[in-house]
1. Just list whichever of B:Lys7/B:Lys51; C:Lys36/C:Lys214; B:Lys16/C:Lys231 have alpha carbons separated by over 18 Å in the model shown.
2. In segment B:171-196, which residues have a backbone nitrogen under 20 Å from the label point lying 7 Å from B:Glu217's Cα in the Cα-to-Cβ direction?
3. So for the pair C:Leu233, A:Ile93, with labels modelled 7 Å out along Cα→Cβ, what separation do we get in nm?
4. If R₀ is 30 angstrom, what is the calculated FRET efficiency for the pair B:His297 and B:Glu237, using the beta carbon separation as r and rounding to 0.05?
5. If r is the Cβ-Cβ distance from B:Asn121 to C:Trp179 and R0 is 45 Å, what FRET efficiency results, to the nearest 0.05?
6. Any idea what the dipole of segment B:4-219 comes to, in debye rounded to 20, about its Cα centre with Lys/Arg Cβ at +1 and Asp/Glu Cβ at -1?
7. Report the label-to-label distance for C:Asp281 and C:Gln83 in nanometres (one decimal), using points 7 Å from each Cα along the Cα→Cβ vector.
8. Distances over 23 Å make up what percent of all Cα-Cα pairs in segment B:1-142?
Amino acid sequence: MNTKKYILKRIVSTVATFFAIATIIFFLFRMVGDPASLFMSPGMGGEQLERIRSSFGLNDPLYVQYYRYMVNIVTLDFGVSFYYQSSTGPIVIERMINSLFLTMPAILLAYVFGSIGGVVMAWRRGEPLERVGLLGAIIFRSTPRFWLGIILLFVFAGILGWFPSFGMLSQDIEFRGHLALLLEPDFYHHIILPIASMTFYLMGLPLLLMRTSMLEVINEDFVDVCIAKGLTQREVMFKHVARNALLPVVTAFAVGIAFSFGGNVLVETVFSYPGVGRLMVDSVFRSDYPVAQMSFLMMAAVVLTMNFLADLTYFYLDPRVKAE
Amino acid sequence: MSLLEVKNLDIEYQTKKGSIKAANDVSFSIDQNEKFGLVGESGCGKSTIAKSLLRLLPDNGAVTNGSIMFDGTDLVSTDEKTLRDIRWDEISFITQSAMNALDPVYTIGNQIVEAIQTHENVSKKNARNRAGDLVELVGLERERIDSYPHQLSGGMRQRAMIAMALALNPRLIIADEPTTALDVITQDHILEEINTLTDTINSSLFIITHDISVVAETCDKVGVMYGGELVEVGPIEEVFVNPQHPYTLGLLNAFPTIEGGEDELITMPGQPPDLQDPPQNCSFYERCPYREERCAHADPELTRRSDSQYAACFVSEERDIGAEYESVVDKEEVWLKL
Amino acid sequence: MESTMIGTKTINGYIKRLRSLDRESLQQDIELRVEKARDVFEIIVANDLAKIGMVLLAIFLIVGLFAPVIAPHEPNERQTNDQGDWLRGEDPSITYPMGTTDNAHDIFSQVVFGTRVALMAGMLTALMVGGLGTFAGIIAGYSGGYTETAIMRIVDLAYGVPFLPFAIVLVIVLGANLWNIVLAISLILWRETARVVRSEVLSIRELADIESAKASGASDTRIILYHIFPKVLPTAVLYSVFAIGWAILAEAGLSFLGFSDHEMVSWGSMLQAAYNGQALDQSMWWWIFPPGICISLLVISVYLISQGIEEVVNPHLREV
Ligand SMILES: Nc1ncnc2c1ncn2[C@@H]1O[C@H](COP(=O)(O)OP(=O)(O)OP(=O)(O)O)[C@@H](O)[C@H]1O
Ligand code: SF4
Ligand SMILES: [Mg+2]
C-alpha cells in the first residue's frame, strides 16, 4: 500500500469514528429523556424550561435535532453558553489550548524518559537497578495523579512555598493570548507542579512496555549479528534493539494520550487550572449543556487526532507496515 | 600455525534448574584457508561453540575453562575493545536462521554500510558502493541494497547476509547452519556460494550443520560433536573413509545413499545424554552398539588415530569398528533400519 | 436365554471398562491440568515482587471482608467528646489512629470501609472487562469476515473515546452509584482485552490441533471452549488484572470529582472531602495521606501480581 493511500484511508476512518462518537453522545444525552430537565436547576420555572427547550430545538423531531447537531459540529458552533452568555466555540477552544499546553509536555517527557528508562532496565537485566526501576514504574502507575498533585501542592506550594498553588497565571498578570503565554515566566512557574504530577503517572507505562519489548527483541538473532559486527553495546542497544522495541511503545503512546487527556480533568481540578476537562466538569455541574457537549467532543477530536498521528509514526517507523 | 585454536573449552549455562554443560573439554583447530565442518544432532552444543568464538553467549552462558586463540589473541580473555576490532573485521558470522538475522527496520544496504563503517574510515558513499558490489557478488541485483529484509525471500536474505559477512574480507567466516530455513534447491546454491566466495577472499570457514553430506561437499576437516563433547575430529578423507567413533559411523550411515534411497536411512535409537547431569563415563554409552564393560566406568579421551585424526573411544583403539559394522547392527538390533 | 445373559454380561463388562477408561483419561486430564496450574503458580510465586503483591492484596482483602469488625466506628458517625462537641480535625491519637476530619469523622474507620468500595470496583470491573473483552476477542478472531471487522471497528471507537469524560457523562446519565461507575469503566476498558485476545486467537487458529479438531467434525463451540479458550486464558486473566488497577484508580478519580454514591465512603470521596475541606491549608496531613497511600498500595499490589502473570504469558520475561 502506498503512503498516500494509507494516509487517506486513516483520515477517512478517523473522521468516521469521530462522527460515530458524536452520535453516541447525542443519543446518550437523549436516552434519559429531556436533556433540558437534566440540566434544570431547582429555581427554573416552566417558562424558562420552555425557553431552553425551544432554544435547543428540543420540540423538533429527533432526526431534525440530529441533523442540526451534526451541522453544529461541522461549523464548530454549539450555540450560546448558558453560563458565559457567549458563543461556545471560542471558550472551549481557549480552554482546549490551555489543556494541550499542560498535556503535551507531560506526555512527551513521560514517554521520552520512560522509553530511555526502559532501555536501561532491559540493559541492566538481573541487576538491582532493574528491580528498582520495575518497582518505581509500578509505583508511578499506581499513584493516583490527583493525589500526587495534592501532595505536591501540600509540600511545594504549602510548606515550602516554592510554587503558586492554583491557576495558570498569577492574579495580577493578564491573559493576553496563547503566544504571549508561552513567553510568560509566570506561566511556567504555574505549570511545573501539574506537569510533574502528570508526568510521573504517565511514565510508568512506557517504562514497563519498553522493558518488555526490549527483552523480546534482545532474543532475536539479528541482535547477535549486530554484536558480531563489532558494534558497541550502546550502539546495539539504542540503534537496533531500542529502535525495534519502540514500535509497541508508539502504539501505547496513542492510547496513553487518550487516557491521559481524559484524565486531565483530575489534575486540572487539583490545581484549579483552566483546562477543557475542568470546563466540562464545571459545565456539567452548572447545567451548561452546550459547553459540556462541545468540550467532550473536542477532547474526543484531540484523542482521535493523536491516535492518527501515532499511526502515521508507526507507519513511518516500521517498514513492514508499508509493504502490506 | 593455525588461525584458530580452541583448547579444552568448557561452556556452561546457568538455569534455575541447575547448570547445563553445553561444551565439555572441546579442542580443535582451523588453519588458514581451511574449511572446518562441525556436525552433530540438535542440542549437542554446536551453536554454543560458534557463539563462544565471538563472545556472543547469552548472559546465562559462560566459558568456564579453556582458551580460544585467534592469531595470537585469546578471545576468551581479551578486552572488549580488542574483541570488537576482531569482530566482523577478522571473523564474521552467518547465523542459524536466515529469516531473523537481519534487522527488520533497516535496509540491507544500511546494514552492510554499518558493518563497513564500524571498522573502516570510509565515506558513506564509498561504503554504499561497496555494499552494492557485494550484493552483486552474491547474485542479487544492485538495487536490492535499498530493500528491507521483509521484501526479500529467504534465499535472498541469506545471500544478503553472506554479502555482509564478506564485506571486510574476514579471515574466518562462521556459518551456523546457514541453510536450514531454505528449500532444498536454494540450499545447494547458498552452500555453493559460501564455498566459492570463501575461496575468493582467501578466508577460512567454520560451518555448522547437522547434515553430514554438507560437510562432505564443502569441508577439508570435520569435527563430530555428541552431547557437548567433540568425539572425533580429523581431515575429511580420513574421517569419512575410516571413522574411529561409533557415533561418526552411525552418522555416516544415517544419510541415505543414492542407490539405497530412503530405505537405507538409519536412525539411532535412544536419547542424547542429559547435559544437566553429564555422565561420568563415555557419553555415547547409552546408545552405543559396541559398548563394553569398561565403557560404563571410564570416559575415553580424544586419542590420536592417524596423522591428524583424533577420536574418543576405547573400542576403536583396538579394533576396526567399521569392519564390524554390519554384524553389530544386525546382531544387536540396536540401530534400527527404517 | 443363556446367550442373552452372556450378551448382557459382555456388554456390562464393556461399559464398565469404558467407564474406567473414561475415568482414567479424565483423571489424567485433571492431573495434567493441576500440574499445569501448579507450573503457572510456581512461575508467579518465583517472582518475588509478585509474592509481595499477593501478601499486600491478601491484607486488603481481609480488611475489606472484616471491615465492620476492624473499624472502631461507622464511617459517617460524628465523633464527639464528653461534652457532646464534635471532634473536628483531631490529630492522630490512640482513640483516633488517623485523626478525624473537619466533620468529625474517624479517618481510620473511613479508610477501612473505603477498602470495600475499591475492592468491589476493581473486581467487578475485572469480571466485566475479562468477560466482555475475551468474548469479543474470541468471536472476532475466530469468525473473521464481517463479524471481525464490525467488532474491531467498535474497538477502534472505544479507543477514540476520552476515558474519564465518557465515564462522567455515563454516570450523569445513569446515576451516580458504584454499579454505573463499574459499567462506565468496563465499557471503555474491554477494548484492550478484545484487541489482544483477538490477535492471539488469530495465531492459535493456525495451530495443528485446531485444524485436526475441525477435520474431525468438532463444532465451533467445542473448538472455542476446549481449544481456544484455555490458550487465551492467561492473557485474558492478565488484562483483567490490569483492569483492576485501572478501575480502582478511575473509581477514585470519579469520586474525587464528586461523581460517586454519597452513601458510600470511598478513598476518592475522602480525598474530595479533604481537598474541599481545606485539609491543605490547615496542614491536616493525616487526612490527605492515608486514603492516597491506600489507593497506591492496593493498585501496586495488583500490578505486582500482574507482573508475575506476565511472565507466564510472555516467557521472554522470565529470568532463566
Ligand atoms: N540460553 C540458554 N540457556 C540454557 N540452556 C541453553 C541455552 N542455549 C542453549 N542451551 C542448551 O545448551 C545445549 C546446546 O545448545 P545449542 O544451541 O548449542 O545446540 P545446537 O547443537 O546448536 O542445536 P541445534 O542443531 O538445534 O541448533 C542444548 O541442550 C540447549 O538446551
Ligand atoms: S567408548 Fe565404548 S561406549 Fe563409548 S563410543 Fe566407544 S565403544 Fe561406544
Ligand atoms: Mg544451533
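No lab work stands behind these numbers, since they all come straight from the coordinates. Note that the coordinates shown come from a computational prediction; the quantities given were computed from them, not determined experimentally. Cβ atoms come from the backbone with ideal geometry, glycine included; neighbour counts cover every protein chain shown.
1. Values: B:Lys7/B:Lys51 15 Å; C:Lys36/C:Lys214 25 Å; B:Lys16/C:Lys231 25 Å.
From the list (B:Lys7/B:Lys51; C:Lys36/C:Lys214; B:Lys16/C:Lys231), the Cα-Cα distance tops 18 Å for C:Lys36/C:Lys214; B:Lys16/C:Lys231.
2. It comes to B:173-196, nothing else.
3. Inter-label distance under the simple model: 5.6 nm.
4. On the way: r = 34 Å, r/R0 = 1.13.
E between B:His297 and B:Glu237, to the nearest 0.05, is 0.30.
5. Step by step, r from the Cβ atoms, then E = 0.05.
6. Working: 20 positive and 32 negative charges, 123 e Å.
It works out to roughly 580 debye.
7. 2.5 nm
8. Values: 4634 of 10011 pairs.
Of all Cα-Cα distances in segment B:1-142, 46 percent exceed 23 Å.
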